1. If a residue must be within 28 Å of the chain's Cα centre (by Cα), charged (D, E, K, R) and over 26 Å from GLY146 (Cβ atoms), how many such residues does region 263-312 contain?
2. Select from region 105-131 the residues that are among the small types (Gly, Ala, Ser) and over 29 Å from the mean Cα position of the chain (by Cα) and write down the one among them that is farthest from ASP170 (Cα to Cα).
3. List pairs: first residue in region 466-490 and over 12 Å from TYR418 (Cα atoms) and in the same structural domain as TYR399 (by TED's automatic domain parsing), second residue part of a strand (DSSP E or B) and of a type in the set (Phe, Trp, Tyr) anywhere in the structure, Cβ distance under 7 angstrom, at least six positions apart or on different chains.
4. Name the one entry in ILE75, ILE101, ILE89 that is touching a Phe, Trp or Tyr at 6+ places or on another chain (Cβ under 9 Å) and among the β-branched types (Val, Ile, Thr).
5. How many of the residues making up region 218-247 are within 23 Å of ALA191 (Cα to Cα) and acidic (Asp, Glu)?
6. Determine whether ALA288 is closer than 30 Å to ASP424 by Cβ, of a type in the set (A, V, I, L, M), in the same structural domain as MET95 (by TED's automatic domain parsing) and surrounded by fewer than 24 Cβ atoms within 10 Å (Cβ to Cβ).
7. Among ALA76, ALA69, which is closer than 20 Å to ASP356 by Cα, in contact (Cβ under 8 Å) with a residue 12 or more places away in the chain and either surrounded by fewer than 16 Cβ atoms within 10 Å (Cβ to Cβ) or under 25 Å from the mean Cα position of the chain (by Cα) (or both)?
8. Are there any pairs, at least 6 apart or on different chains, whose C-beta atoms fall under 9 Å, with the first in region 426-455 and more than 27 Å from ALA377 (Cβ to Cβ) and touching a residue at least 40 places away in the same chain (Cβ under 8 Å) and the second part of a strand (DSSP E or B) and β-branched (Val, Ile, Thr), and if so, which?
Amino acid sequence: MKRVLFTLIAILWSHQLLAETPQQKVKIDTTPTTLSELKIAISDIVEAEQLPAVSIAMVDKDGPVWVEALGLANIANQTPADSDTLFRIGSTSKMFVSLSILKLVEEGKLSLDDKLADLLPNFVFTNQWEASDPVRVVHLLEHTTGWDDIHIVEYAHNDPKPATLKQGLDYHPHSRVSRWKPGSRMAYCNAGPPVAALIVEKISGQVFEDYVADNFFTPIGVETMTYFQTDDVKNKGATLYSNGKEQEYWHIIMRPSGSINASANDMAKLLKFFINRGNVDGQALISAASFSRMEQVTSTPGAQAGQTAGYGLSNYTTPYKQWVYRGHDGGVNGGISKLEYLPEANKGHVVMINSDNGKAMNKIVGLIRAFETQDLAIKQINADMDITESMKRLEGYYYPINSRMQLTHFLERVLNIYKFEIHDNKLVRSNLLGGEPKEYFAASEVLFKSTESGEFNLAFVEDPIAGPVFHSGSSVYKPVSAVVVFGQFAVLALWLVINVSSLLYALVWGVRKFMGRQITGKSLLIRLWPLLASLSLLYFMVMFQLGGADPFKLLGAVTYVSVGILISSITFFVFAVLGVYVALTAKASEMNKVNYWYCSLASFIHLLVGCYLAWFGIIGLQTWA
């Protein structure tokens with residue numbers, strides 16, 4: 001059931017499309033010490049994981065170290081991939097939005113603190129705190145608007161039209177509602193960067209893609225990099241594969257968020273641009289100050305308290321052992337990309353695959369990181385101060401309050417509980433459902449740094465709505481009592497038992513009734529309603545599993561799957577209500593008391609869960625809306 005629940009999250013997030021891929025620790029048995037050993041190790045992963053192809057660009061301050069593609073760009077035609085093969089880079093595309101905004105800021109045409117409502121007066125969005133806490137340009141790029149991520153109907157749009165950025169943003173504006181005060185929490189949102197790109201269009205007078213081409217693509221020398229399905233893409237584009245199935249080209253409705261096609265040769269030049277801090281052949285396309293600003297997180301209370309980990313202007317941190325990489329990654333249906341550079345070592349890499357095999361991607365990236373850092377000096381990470389007595393107030397349980405999509409919050413607040421404890425002069429954070437604990441040294445009364453990388457990752461600050469919270473990287477956690485935490489677990493466990501036992505119990509009394517046992521009236525109904533509620537839930541889960549096979553077509557439109565989800569969620573709640581009604585009116589009826597109390601409990605638990613789901617919008621869920 002836990003796997004099914006997390007599958008639901010993944011589907012609601014559209015398989016993390018146009019998003020950061022999960023950061024996982026990769027165990028490396030043998031670190032390649034030479035480039036030849038690295039190539040062999042990665043080739044072995046490609047073969048073992050049955051990857052169609054991987055495209056790699058490794059660069060240092062002197063230029064390319066390794067630029068090559070291994071495997072097949074198209075399996076059916078046995079087309080080999082090479083360094084000119086074009087891959088989709090997904091959300092790595094967002095970096096050009098921030099670069100464009102920073103260039104306009106340098107030219108004095110814009111400020112990161114400018115209000116969205118002033119720049120685009122007729123643009124549709126909702127922010128109930130606009131008078132005191134308006135949405136600003138910085139919030140669009142640091143993902144602190146408080147908006148939901150774009151809805152699945154926007155993900156599902158796969159047509160070359162609408163052709164303009166404005167038309168794409170006007171297609172489905174309903175997700176652009178601030179759920180908290182802008183700037184107070186980060187939540188990844190694919191609508192923010194396209195809105196910033198629209199601002200670029202208005203100020204520059206150019207189509208966004210043309211502005212990027214003139215100011216970045218051409219000076220950097222990325223000759224085939226493109227937002228569109230050009231002839232080059234048709235002829236040299238890698239075919240993408242999801243679960244081994246060939247994917248059609250995705251015409252992303254909001255191109256600035258994830259539409260770029262690029263080759264390894266293109267990405268090697270882009271990497272060099274980042275490693276050289278915005279310079280190309282001695283020419284600064286953006287200033288060193290702007291480049292540094294791109295790497296900073298500023299808008300959240302955590303950042304203002306000194307937190308350095310997290311999401312800057314389309315540029316975020318990824319710790320690896322004692323080092324901290326910067327960059328961005330992304331995914332489309334059937335493709336994953338990752339761009340990372342290590343500022344202190346003037347090294348970086350890009351990895352692109354035409355598959356959704358995140359495990360293989362993490363293995364490859366792990367090998368490259370280990371290779372790049374093998375000769376770097378080991379840093380000693382020490383505590384800046386001892387844990388104080390007052391810090392013990394931070395101990396306890398916490399749940400996340402900045403869901404990427406509000407629709408998934410009902411699961412995250414139950415299944416993503418963290419416990420913070422103090423041990424051995426360290427603050428330790430651990431997930432109750434497993435995973436490796438994270439340890440932090442105190443840097444101040446409210447700021448903590450990773451004991452492994454030294455990055456300032458954790459800040460205890462005041463949220464303007466929720467009160468005291470922890471900002472951890474890009475996550476925000478609110479204190480919750482142990483009674484609530486374990487009460488939720490108890491209800492969930494009991495509900496799961498009820499659902500399984502209801503189905504099993506139905507086999508017993510159903511057979512007895514079929515064989516002539518007199519089970520009628522309220523004695524039948526008190527059994528029937530919780531059974532039908534469980535069957536509705538089962539159907540709901542099955543429909544989501546089916547929808548996961550092709551969420552664009554099956555969940556992003558009115559189909560038998562999406563309608564089945566809508567109807568089964570409603571029938572679950574209706575049957576729960578009917579079950580409770582019968583339980584309340586049948587107490588005096590003659591029937592087996594064990595049966596009565598079991599069925600009554602089942603119906604009350606169903607209704608309790610049903611009310612919880614209704615509160616979070618799951619009852620009557622329309623995935624296409």
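1. Residues flagged as within 28 Å of the chain's Cα centre (by Cα), charged (D, E, K, R) and over 26 Å from GLY146 (Cβ atoms) within region 263-312 amount to 4.
2. Let us first name the residues in region 105-131 that are among the small types (Gly, Ala, Ser), namely 108, 111, 117, 131.
Now drop any that are not over 29 Å from the mean Cα position of the chain (by Cα), which leaves 108, 131.
Working: GLY108: 29, ALA131: 24 Å.
So the residue we want is GLY108.
3. PRO468/PHE460; VAL469/TYR477; SER474/TYR311
4. It is ILE75.
5. 0
6. Numbers: closer than 30 Å to ASP424 by Cβ: no; of a type in the set (A, V, I, L, M): yes; in the same structural domain as MET95 (by TED's automatic domain parsing): yes; surrounded by fewer than 24 Cβ atoms within 10 Å (Cβ to Cβ): yes.
Judged against the criteria, ALA288 is not a match.
7. Exactly one residue qualifies, and that residue is ALA76.
8. Taking only residues 6 or more apart or on different chains, the pairs are VAL446/VAL461.
The values are calculated or read from the model by the stated rules, or taken from the named source; none is laboratory data. Since the structure is predicted, the reported quantities are computational estimates derived from the model, not experimental observations. All Cβ positions, glycine included, derive from the backbone under ideal geometry; neighbour counts span all protein chains shown.
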